[in-house]
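Okay, so here's the structure we're looking at.
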Amino acid sequence: MKRLLLPLCAAILTAACAAGPGTMEGKWIQPIPGQENHVQGFALHADGSAQSINMATLLYKSWRTQGDTLVLYGQSIGNGQTIAFSKTYTFSFPDKNTLLLSDENGAEMTFSRQP
C-alpha cells in the first residue's frame, strides 16, 4: 500500500501545481517596442521544449527552471550565421497571468499569458 501511495500523492501534487497560479508553461507575450499593435514572446511546453512567437531571428528551443531562475536555450539567426545561446533570467509572478523577467544586467521585461 505504501508503495502505491507515494507515487499517487506525487502525481496529484504535480497535477495541482501545473494547474495553479504561477505555472511557467504557456504562451508569454509582450508588445514589440515601437510596434505596440504586434506582439512577441515565447511558448514554454511541459516537455521542456520552447518556441518563439513572432521572432524570426531568435529561435527558442528549450527551457528549464531552478528555483526562481529561468534559462532559455535557442539559436540566434542573422547575417548567414546561426549561433547557439542560453539566456538566464530571474522570474516572478505578480499574478497568474503576468511573468516578470530580469536579466543579469538588471533589465526587466513583463510578459502576459496568452490564452
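See the values below:
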| item | result |
| --- | --- |
| Kirkwood hydrodynamic radius over Cα pairs of segment 66-115, then Stokes diffusion coefficient at 4 °C and 1.567 mPa s, in µm²/s | 104 µm²/s |
| FRET E, pair residue 23, residue 102, Förster distance 22 Å, beta-carbon r, rounded to 0.05 | 0.70 |
| Virtual spin-label span in nm between residue 47 and residue 65, 7 Å along Cα→Cβ | 2.0 nm |
| Segment 29-115: trypsin sites (Lys or Arg not before Pro) in DSSP coil with no more than 14 other Cβ atoms inside 10 Å | 96 |
| Within-13-Å neighbourhood charge of residue 90 [Cβ basis; K, R +1; D, E -1] | -3 |
| Spin-label model distance (nm) - residue 35 vs residue 54, 7 Å beyond Cα toward Cβ | 0.7 nm |
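Each reported figure results from applying straightforward, stated rules to the coordinates on display, with no laboratory input. Since we're looking at a predicted model, the values are computed, not measured. Neighbour counts are summed over all protein chains in view; Cβ atoms, including those assigned to glycine, are modelled from backbone coordinates with ideal geometry.
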